[in-house]
Amino acid sequence: MSAVAEQVDSASASAEGFIGRIPVRNLWLLMLYASDLFRTRGIGKVGLEDSPDDLPDLVAEILAHAVEVRQHRRLSLGYRSRDAVINRVRGRIDVLTTERHQLLDRGLVACRFDELTIDTPRNRFVRAALESVSRIVQRKDIAHRCRSLASGMKAMGVSGEAPTRAQMSTDRFGRNDADDRFMVAAAKLAFDLALPTEASGTNVLSLPDREATWVRRLFERAVGGFYDVVLSPHGWRVMCGGTMGWQIELKTAGIDKILPTMRTDVVLDHPSTGRRIVIDTKFTSIVTSGWYREETLRSGYVYQIYAYLRSQVGRGDALADCASGLLLHPAIGQTVDEAAVIQGHRIRFATVDLTASTADIRSQLLRLCEPIQPVTTGT
């Protein structure tokens, strides 16, 4: 278990509204930053993050409005496969079933065909999101609105079981599905917001490995989503989850099978100023105990960010030649922001305090994009 998770485990059991020592509202904030909704239609610019305690109500209202718009224009239909015994040929004949049951003697035929239906996985997912978010919102009118819309969708025929997130990940949007894309993005965030609330109840929970992994991934996606929305209008290019290649001159036949891939979490480029920031997020304490001193940076992480930077030098990319690195860790009530220039690359080691206010978390993330001038050593 990570050091952050261990800190979380030590929380008092009498607090309320926390997952460990991380306030639920700050997990909601990270979910907002990580969500597709934050990137959609300028939602990231309308101040949702300014009131994280009200975030479920705001997202529920956005979701309800999106569903009302879709219902006004009619919910999208989709095809589903059916096997049925009918009195006319439709689709493909199931010859085996037809012969086995001697259906032709009775004027029937077994067929397999596709039919249009409103009971699609997408619509079932949205209906379930309305039901889920209605249980955590504070405003009774919004809760009633969500429940009514969910009941209305069920009355229209959207009555099947809700698909899982894994099943929804295979859902593909066409060119005419822009409104559905917005509605589903709101539904996904509404589902996510309900998770920590339903998990925590009124007591502080420990943060076992499952939750630690979940928060780690959430933190990584949230950092990328925040910078994508906030920095892109200012000339930054934000790339999440990219890979870097090694400068290989000679190799043996089997090296490609065992050489690890360098995969970055977030890369920020600002071409007009020639800046590149390679960000690697971690979910551990930024320092650990050393052999000869009380605290030291984790050497493996330092080597990793160093490899990201130095391996790209001299490949014809001016931004890579002078790129800087950022090792970014979440923290509980702790602030670290240190830097050093190593072989021409500025490497920064910093934390984001997940117990801070929303405004502080935002300002911490923005500050990490500003140049820092380490103290130079004397000659």
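The values are calculated or read from the model by the stated rules, or taken from the named source; none is laboratory data. Being a predicted model, the structure only gives us computed values, none of them experimental. Neighbour counts run over all protein chains shown; Cβ positions are idealised from the backbone, glycine included. Ligands, DNA and RNA are stripped out before the accessible areas are found, and what is left, the full protein with its side chains, is counted by its heavy atoms. Shrake-Rupley method; radii C 1.70, N 1.55, O 1.52, S 1.80 Å.
So what is log10(I(q)/I(0)) for the range 250-313 at q = 0.22 1/Å, when the Debye sum runs over its Cα atoms only? The Cα Debye sum returns log10 ratios of -1.02.
For the range 88-156, the Kirkwood hydrodynamic radius from C-alpha pairs, put into Stokes-Einstein at 37 °C and a viscosity of 0.692 mPa s, yields a diffusion coefficient of 215 µm² per second.
Ranked by the mean number of other Cβ atoms within 10 Å of their residues, highest first, the peptides 216-225, 78-87, 342-351, 244-253 come out as 216-225, 342-351, 78-87, 244-253.
Based on Cα contacts under 8 Å between residues 6+ apart, the chain shows a relative contact order of 19 percent. Run the accessible area of the chain with a 1.4 Å probe and give the carbon-and-sulfur part as a rounded percent. For the chain, the apolar C and S fraction of the accessible surface comes to 50 percent. Separation of the range 75-117 and the range 277-298 by C-alpha centroid, Å? Measuring centre to centre over Cα atoms gives 63 Å.
Applying the Karplus relation 6.51 cos²θ - 1.76 cosθ + 1.60 with θ = phi - 60° to the range 350-358 yields 3J(HN,Hα) values of 9, 10, 10, 7, 6, 9, 6, 6, 4 Hz, where x marks Gly and Pro. Its DSSP H runs of at least 4 residues, each contributing -39,500 (n - 2.57), put the calculated 222 nm mean residue ellipticity of the chain at -12500 deg cm²/dmol, to the nearest 500.
So which lysines pass the test for LYS282, namely a Cα distance under 25 Å, with those fewer than 8 places away in the same chain ruled out? Within the straight-line limit of under 25 Å, LYS282 reaches these lysines: LYS188. Computed over the chain, the range of Cα coordinates on each principal axis works out to 100, 59, 41 Å, biggest value leading. When the Cα positions of HIS144, LEU55, ALA155 are compared along the charge dipole of the chain, ALA155 comes out farthest toward the positive end, with charges on each C-beta of Lys, Arg, Asp and Glu.
The charge dipole of the chain, taken about its Cα centre with unit charges on the Cβ atoms of Lys, Arg (+1), Asp and Glu (-1) only, comes to about 1240 debye. Computing FRET efficiency as 1/(1 + (r/R0)^6) for ARG106 and LYS257, where r is the C-beta to C-beta distance and R0 is 56 Å, gives about 0.40. Between TYR79, TYR33, VAL238, the Cα set farthest toward the positive side of the dipole of the chain (charges on each charged residue's Cβ, about the Cα centre) is that of TYR79. Remark: spin-label model distance ARG175-LEU116 equals 2.0 nm, labels positioned 7 Å along the Cα→Cβ axis. For the range 277-379, the Kirkwood hydrodynamic radius from C-alpha pairs, put into Stokes-Einstein at 10 °C and a viscosity of 1.306 mPa s, yields a diffusion coefficient of 108 µm² per second.
Rg and Dmax over the alpha-carbon atoms of the range 219-266 stand at 15.7, 46 Å. The share of Cα pairs per 10 Å bin across the range 206-354, counted from zero up to the longest distance, runs 10, 35, 36, 16, 3 percent.
Mind putting a number on the dipole of the range 259-304 about its Cα centre? Charges go on the C-beta only, +1 for Lys and Arg and -1 for Asp and Glu, and I need it in Debye to the nearest 20.
Numbers: 6 positive and 5 negative charges, 19 e Å.
In total the dipole reaches around 100 debye.
If I take R0 = 35 Å and measure r between the Cβ atoms of ARG275 and LEU250 in this structure, what FRET efficiency does the formula 1/(1 + (r/R0)^6) give, to the nearest 0.05? Don't skip to the end; give the middle numbers.
Values: r = 33 Å, r/R0 = 0.96.
My answer for the efficiency is 0.55.
Each of THR261, GLN364, ALA350 was placed along the dipole of the range 249-379 (beta-carbon charges, centred on the mean Cα), and the one lying farthest toward the positive end is THR261.
At a Förster radius of 56 Å, what calculated FRET efficiency corresponds to the Cβ-Cβ distance of LYS140 and GLU370, to the nearest 0.05? The partial results should precede the final answer.
Working: r = 44 Å, r/R0 = 0.78.
E between LYS140 and GLU370, to the nearest 0.05, is 0.80.
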